[in-house]
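Below you'll find the structure, written out as structure tokens, and then a few comments.
No value in this document is a laboratory result; all are computed from the given coordinates. The shown structure was predicted, so the numbers you read here are calculated from the model rather than taken from an experiment. Cβ coordinates were reconstructed from backbone atoms using ideal geometry, including for glycine residues, and neighbour counts include every protein chain displayed.
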């Protein structure tokens, strides 16, 4: 296996933050530990941390992580001096290295794995993660550039050096906003705290990247948006009645539930894709949206709402459960085993619908009519529509 290392930069002053960034709490640990663990979770074991300002305060954290510190005595000269110090400390057989400032701690480990796989496949000199058309951190840099980097003075510029080798660069689109998120100010830090709490839920723009990578057709995406809107709206209403559901999780799972539509057993295929990208909770909901794995008689959860919303929508249009499932019954009239599976899905949807009605204290058809007016600003009767 190729020898790949990582350099984490933690030598700066944190002047705009007002507090020492590497030791700020984040997601149950520290910013420093979070940044290092990105690589550990991606099976990168050779990790070097460059220290400078307040180095002695970082030492206990690094000892707990089992990492030696690479002290940069020239840290006052800026980040490039720390880049040089870290690269100089790399194991001699390293073929390439990731470079990550400690204040970019919310990159997903799956993103690092994706970059590593792209490098192994293409052997590009520099592999950049890209999100929303912008390059981010951590780049994966070939060791063939180490000599050139070390030959520059401490006040040099890594970006300028790498720009000389643009012909040898590879951009990899990733479903990870974290590659662009650093934390220079208290407001940045507050945003990262919020993201850390839901890092395993893709946001809207990340979902768009997932759709592109999967080649999901536009009509399927449109249906997913409708399911996401309906299911998350139901979740919000149930929360007002005492539930503790996560609308963001419901929305992401509803949007992505058919991401592998057209493939055999698309629910399992979609769940596998999402799990591999670092979204296990979303994957768990997607895996159940055809009914497999859903239990009857349990408290309504995110899985049940996505399942029900999917069955109440034909494309982007609301339909009754009867309208939805009778079409399938007629379609498979000559296949009794398939019809039995359709009946079971229908019964499961009716059971969830009944439970939702009990919580809301009203007929779901009435609630759907109100919701449809709010969303589409129209009230049009369609055959089989739940209005």
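One table, with the values for the structure above:
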quantity: Acute angle (nearest 10 degrees) that the helix 247-256 long axis makes with the longest principal axis of the chain, alpha-carbon atoms; calculated: 80
quantity: C-alpha center-to-center spacing [region 196-265, region 24-54] in angstrom; calculated: 31
quantity: Pair residue 135, residue 347: separation of 7 Å Cα→Cβ label points (nm); calculated: 5.9
quantity: Helix 109-122 axis, angle to the chain major axis (alpha carbon atoms, nearest 10°); calculated: 70
quantity: Estimated distance in nm for a label pair at residue 123 and residue 150, the labels positioned 7 Å out from Cα along Cα-to-Cβ; calculated: 2.3
quantity: Highest to lowest packing among 282-291, 353-362, scored as the average C-beta count within 10 Å; calculated: 282-291, 353-362
quantity: Extension gain from residue 166 to residue 340, taking 0.36 nm per residue of separation minus the Cα-Cα distance; calculated: 56.8 nm
quantity: DSSP beta bridge pairing in the chain, given as percent antiparallel to the nearest 5; calculated: 35
quantity: Angle between the chain longest axis and helix 186-197 axis [Cα atoms, degrees, rounded to 10]; calculated: 50
quantity: Relative contact order for the chain, counting Cα pairs under 8 Å that sit 6 or more residues apart, in percent; calculated: 12
quantity: Extension gain (nm, one decimal) between residue 369 and residue 64, 0.36 nm per residue minus Cα-Cα; calculated: 104.1 nm
quantity: Label-to-label distance, nm, for residues given as residue 194 and residue 360 (7 Å Cα→Cβ offset); calculated: 2.8
quantity: Extension gain, residue 185 back to residue 298 (0.36 nm per residue minus Cα-Cα distance, nm); calculated: 36.2 nm
quantity: Nearest-0.05 FRET efficiency for residue 268 and residue 243, computed from C-beta distance (R0 25 Å); calculated: 0.35
quantity: Residue-averaged 222 nm ellipticity for the chain, from DSSP H runs of 4+ at -39500 (n - 2.57), nearest 500; calculated: -15500 deg cm²/dmol
